[in-house]
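S.K.: A single structure is presented below for examination.
The values are calculated or read from the model by the stated rules, or taken from the named source; none is laboratory data. Because the structure is predicted, anything quoted here is derived from the model rather than measured. Note that each Cβ is placed from the backbone with ideal geometry, even for glycine, and that neighbours are counted across all protein chains shown.
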Amino acid sequence: MHTTAATRVTTDDGARLHTTTAGDPDAPLTVVLCHGYMLDSTAWHFQLPALGDVARLVLYDQRGHGRSTLGSAPVTIERLGKDLHQVLEATAPQGPVILVGHSMGGMVVLALAAAHADLFGSRVTGVALLSTSAGQLNGTPMGLPPTAARLLHQALAAGLPALARLPRTVDTVRRHTGPLAFRLTRPMLYRAPVGSAAARITVHAMSRAPIVTIAACYPALMAHDQFAALPVLGRCPTLVAVGAGDQITPASHSAVLATHISSAELTVVSGASHLLPLERPNEVNSLLLALLSRNAAAREPRTTADPARQDSGTLRPSARKGHPAHPVSMESYAAARPHPYGGRTHGRGPEPDDGIPPPTVASVRLPPTPDSRPPRHPTSRLGRPPHGSQHLRCSRIEPP
C-alpha cells in the first residue's frame, strides 16, 4: 500500500531538510533518492510509481533547495554528504538501503562513502549514480567550444556571488522568467524534446532555487573531488548511467566511475542528456528495478514464488486497480496523481570532445591503472576483471 508522509530532519548546523517517505512502508528495502543541483525532490516524480510498489522510498530536498533551508555551515559536497548521513539516521535507521543520486546527488553519495565507508556493503547494499562525476568539473564543455566554456565557468564563479547580494530582486526576476530561462538552457539539459510534465517540473524547480543557494553550491561543485572514495562502492552492486549527449557531466566522467568501482555496470543512454530521470524515465526505471533485483537476489535466496517477480527474477510493481504496472505512461500518471510537492513554496578536466564512442558495444576493455581494488564484497554478483586488465561491463540503450 502506498503512503506518503512529510517531515523535517534538522542537521547539526540548523538546516531543516524537508523529507518525504513514500512507497510501500512494509517493504524490507529502503531507497533514498538524492536530487541534483537547482532541482528538488520533484525530479524523482516519474520514479515514484515504478519503485513505490517494491520499496520504501525516502526523498529529501538538499539544503537550500525546495522546502529545505540553507543552514549556517558553508556549503561543500562533504557537508551535503553529512546531511545525507543524518537523513539516513532519521528516516532509515535499520535495514538495507539503496542510494540513488543524480548529478550533485551522486556526488553526495560519494561524499558519504568517503566519510562512512563502513556503511557500504553492510547498511548500504546498492548504489545508482546517474549523470554524475567524481570531480574535475571545472573544465566541462557545457556544449561550448573550450575557450567559451572556460569563460563561462569564470563568469559564473565571479558573477553568482554578486547576484546573491541582491537575493530578493534576482529571485523575483527568475521566477517570472523561468520559461524563458528553460528555453535557453534546454539544449544542455535535454537532448530531445520532452513531455510537458517534465518541462513543468524543471521550470518550477530551477526558477525557484534561491540565488543564494545557487551561488553557495557552485564553488562546491567545482571543488568536488571524491576519486578516493570510488573503491568503497565496489563493496555493493553499483549502477552507473549517463546520457550519451550529457554536456554537464559528460559520459567520460561516468566511464571513470565505472572503471574504478569494481562492481559497477555502466549504461550509456543514446539520445539523452543530463536530466536523465526526467528525460528518459522508462529506461531509468528499468535500470533501477534491475538494480533492486540484483540487490534482492544477493541478500536472500529465492525460495517461494513472489508475485512481485517475473520468472526471470526481475522486480516489478504489482498491477492492481487504479495503479499502473511498470512500464507506465508517465504523462498520464503525472496527470492522475500529482507529486506530493505540487504547489509548494520555494524554499581543467576532460576535453570537450571526449565521451563514449558512438558504436554500440557489449563490453569495453580499459588499460590497467596503478590503483589497487578493494576485496570483492561477498554479495557482489559481478565477476572480477581478468588479471592484468580492468573489464568494464557496459551496455547502451538506444532510443525507441
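To keep it simple, each residue is scored yes or no on (1) farther than 25 Å from Thr249 by Cβ; (2) crowded, with 24+ Cβ neighbours inside 10 Å.
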{"residue": "Ala5", "(1), (2)": "yes, no"}
{"residue": "Gly14", "(1), (2)": "yes, no"}
{"residue": "Thr21", "(1), (2)": "yes, no"}
{"residue": "Cys34", "(1), (2)": "no, yes"}
{"residue": "Tyr37", "(1), (2)": "no, no"}
{"residue": "His45", "(1), (2)": "no, yes"}
{"residue": "Pro49", "(1), (2)": "yes, yes"}
{"residue": "Asp53", "(1), (2)": "yes, no"}
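S.K.: Can you pull out the residues in the stretch 120-160 that are over 14 Å from Met222 (Cβ atoms) and in a loop (DSSP other than H, G, I, E, B)?
M.R.: Passing the criteria: Gly121, Ser122, Arg123, Ser131, Thr132, Pro141, Gly143, Leu144, Pro145.
S.K.: Would you be able to say whether some residue in the stretch 250-272 is assigned to a loop (DSSP other than H, G, I, E, B), under 20 Å from His45 (Cβ atoms), modelled with pLDDT under 95 and touching a strand residue (DSSP E or B) at 6+ places or on another chain (Cβ under 7 Å)?
M.R.: Going through the stretch 250-272, the residues assigned to a loop (DSSP other than H, G, I, E, B) turn out to be 250, 261-263, 270-272.
Those left that are additionally under 20 Å from His45 (Cβ atoms): 272.
Going one step further and asking which of them are modelled with pLDDT under 95, we end up with 272.
Still in the list and also touching a strand residue (DSSP E or B) at 6+ places or on another chain (Cβ under 7 Å): 272.
Yes, the stretch 250-272 contains a residue that is assigned to a loop (DSSP other than H, G, I, E, B), under 20 Å from His45 (Cβ atoms), modelled with pLDDT under 95 and touching a strand residue (DSSP E or B) at 6+ places or on another chain (Cβ under 7 Å).
S.K.: Now for a different question. In the set Ala198, Ala215, which member is touching a His at 6+ places or on another chain (Cβ under 9 Å) and not hydroxyl-bearing (Ser, Thr, Tyr)?
M.R.: Ala198
S.K.: When you go through Ala258, Ala264, Ala241 one by one, which is the residue that is out of contact with any helix residue (DSSP H, G or I) (no Cβ under 8 Å at 6 or more places or on another chain) and crowded, with 23+ Cβ neighbours inside 10 Å? Outline the logic, then answer.
M.R.: Numbers: Ala264 fails: out of contact with any helix residue (DSSP H, G or I) (no Cβ under 8 Å at 6 or more places or on another chain); Ala241 fails: out of contact with any helix residue (DSSP H, G or I) (no Cβ under 8 Å at 6 or more places or on another chain).
When all the criteria are applied, what remains is Ala258.
S.K.: Checking Gly95 against (1) out of contact with any Ser or Thr (no Cβ under 9 Å at 6 or more places or on another chain); (2) modelled with pLDDT under 95; (3) over 30 Å from Pro161 (Cα atoms); (4) of a type outside the set (Asp, Glu): exactly one of these is not met. Which one?
M.R.: Of (1) out of contact with any Ser or Thr (no Cβ under 9 Å at 6 or more places or on another chain); (2) modelled with pLDDT under 95; (3) over 30 Å from Pro161 (Cα atoms); (4) of a type outside the set (Asp, Glu), only one is false for Gly95: (1).
S.K.: Spot the failing condition for Ala113; the list is (1) over 28 Å from Pro25 (Cβ atoms); (2) in contact with a Phe, Trp or Tyr (Cβ under 8 Å, 6 or more places away or on another chain), and only one is missed.
M.R.: Tallying (1) over 28 Å from Pro25 (Cβ atoms); (2) in contact with a Phe, Trp or Tyr (Cβ under 8 Å, 6 or more places away or on another chain), Ala113 fails exactly one: (1).
S.K.: Taking the stretch 202-243, which residues are within 13 Å of His260 (Cα to Cα) and assigned to a helix (DSSP H, G or I)?
M.R.: Selection gives Phe227, Ala228, Ala229, Leu230, Pro231, Val232, Leu233, Gly234, Arg235.
S.K.: What are the residues in the stretch 167-201 that are under 26 Å from Thr140 (Cα atoms), part of a helix (DSSP H, G or I) and hydroxyl-bearing (Ser, Thr, Tyr), if any?
M.R.: Thr185
S.K.: Moving on. So which pairs qualify, if the first residue must be in the stretch 43-56 and under 16 Å from Ala92 (Cβ atoms), the second must be of a type in the set (Val, Ile, Thr) and not in a helix (DSSP H, G or I), the Cβ gap must be under 7 Å, and the two must be at least 6 apart or on different chains?
M.R.: Leu51/Val31; Ala55/Thr30; Ala55/Val31; Arg56/Thr21; Arg56/Thr30
S.K.: While we're here: May I ask you to list pairs of residues, at least six apart or on different chains, whose Cβ atoms are under 8 Å apart, with the first in the stretch 164-190 being farther than 25 Å from Thr249 by Cβ and the second being outside any helix (DSSP H, G or I) and at pLDDT 80 or above?
M.R.: Every condition considered, the pairs that remain are Pro167/Pro210; Asp171/Pro210.
S.K.: For Cys217, all conditions in the list (1) closer than 30 Å to Ala296 by Cβ; (2) buried (at least 24 other Cβ atoms within 10 Å of the Cβ) hold save one; what is the number of the exception?
M.R.: (1)
S.K.: Mind counting the residues in the stretch 181-190 that are modelled with pLDDT of 75 or more and under 13 Å from Ala272 (Cβ atoms)?
M.R.: 2
S.K.: Right, another one. Within the stretch 37-54, track down each residue that is closer than 16 Å to Gly101 by Cβ and assigned to a loop (DSSP other than H, G, I, E, B).
M.R.: Answer for the stretch 37-54, where residues must be closer than 16 Å to Gly101 by Cβ and assigned to a loop (DSSP other than H, G, I, E, B): Tyr37, Met38, Leu39, Asp40.
S.K.: Next question, about the same structure. Could you tell me which residue of the stretch 87-112 is surrounded by the fewest Cβ atoms within 10 Å (Cβ to Cβ), considering only residues that are part of a helix (DSSP H, G or I) and in contact with a strand residue (DSSP E or B) (Cβ under 6 Å, 6 or more places away or on another chain)? Working first, answer last.
M.R.: Of the stretch 87-112, the ones part of a helix (DSSP H, G or I) are 87-91, 104-112.
Right, trim to in contact with a strand residue (DSSP E or B) (Cβ under 6 Å, 6 or more places away or on another chain) and you get 87, 90-91, 105-106, 108-109.
Numbers: Val87: 20, Ala90: 17, Thr91: 21, Gly105: 29, Gly106: 28, Val108: 28, Val109: 28.
Ranking the qualifying residues of the stretch 87-112, first place goes to Ala90.
A quick yes/no check of all residues on (1) modelled with pLDDT of 95 or more; (2) closer than 17 Å to Tyr218 by Cα; (3) under 14 Å from the mean Cα position of the chain (by Cα):
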| site | (1), (2), (3) |
| --- | --- |
| Thr3 | no, no, no |
| Arg16 | yes, no, no |
| Thr19 | yes, no, no |
| Ser41 | yes, no, yes |
| Val58 | yes, no, yes |
| Gln62 | yes, yes, yes |
| Ser68 | yes, no, no |
| Thr76 | yes, yes, no |
| Arg79 | yes, yes, no |
